[in-house]
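Visitor: Pasting a structure below so you can have a look.
The values are calculated or read from the model by the stated rules, or taken from the named source; none is laboratory data. Note that the structure is a prediction, hence the values are computed from the model and not measured. No Cβ is skipped: glycine too gets one built from the backbone with ideal geometry, and neighbour counts run over all protein chains shown.
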Amino acid sequence: MDTENLSFEQAMLELEKLVAEMEQGEISLEQSLVHFERGITLARHSQQLLTKAEQRVQMLTSEQGKDALVDFHHADKE
């Protein structure tokens, strides 16, 4: 399956399944290596998605000439 089209959640779910199969110890060495390679690909893809999400959050919360974010104070607490 093409990793590029996977959401973060899909990639993590597939990674969890691969790890579970490898932990059971019932697959061949060759299949373990295939799983490991796929796992590395999924982990890198997930990290890229997290990095992009972090960059979006930073852009949304930056003060680049826009209104600064301020702490919310509820009227009942003042």
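Visitor: Of all residues in the range 6-52, how many are of a type in the set (A, V, I, L, M, F, W, C), in a helix (DSSP H, G or I) and free of Cβ contacts under 8 Å to residues at least 12 places away in the same chain?
Guide: Of the residues in the range 6-52, 6 are of a type in the set (A, V, I, L, M, F, W, C), in a helix (DSSP H, G or I) and free of Cβ contacts under 8 Å to residues at least 12 places away in the same chain.
Visitor: Now, a different point. Step by step: first the residues of the range 53-69, then only those that are outside any helix (DSSP H, G or I) and loosely packed, with under 10 Cβ neighbours inside 10 Å, then the one that is modelled with the lowest pLDDT. Which residue is that?
Guide: Of everything passing the filter in the range 53-69, Gly65 is modelled with the lowest pLDDT.
Visitor: Identify, from the list Ile40, Ile27, the residue that is of a type outside the set (S, T, N, Q) and within 17 Å of Asp2 (Cα to Cα).
Guide: The unique qualifying residue is Ile40.
Visitor: Can you tell me which residue is farthest from the chain's Cα centre (by Cα) among those in the range 1-27 that are loosely packed, with under 15 Cβ neighbours inside 10 Å and of a type in the set (Gly, Ala, Ser)?
Guide: Gly25
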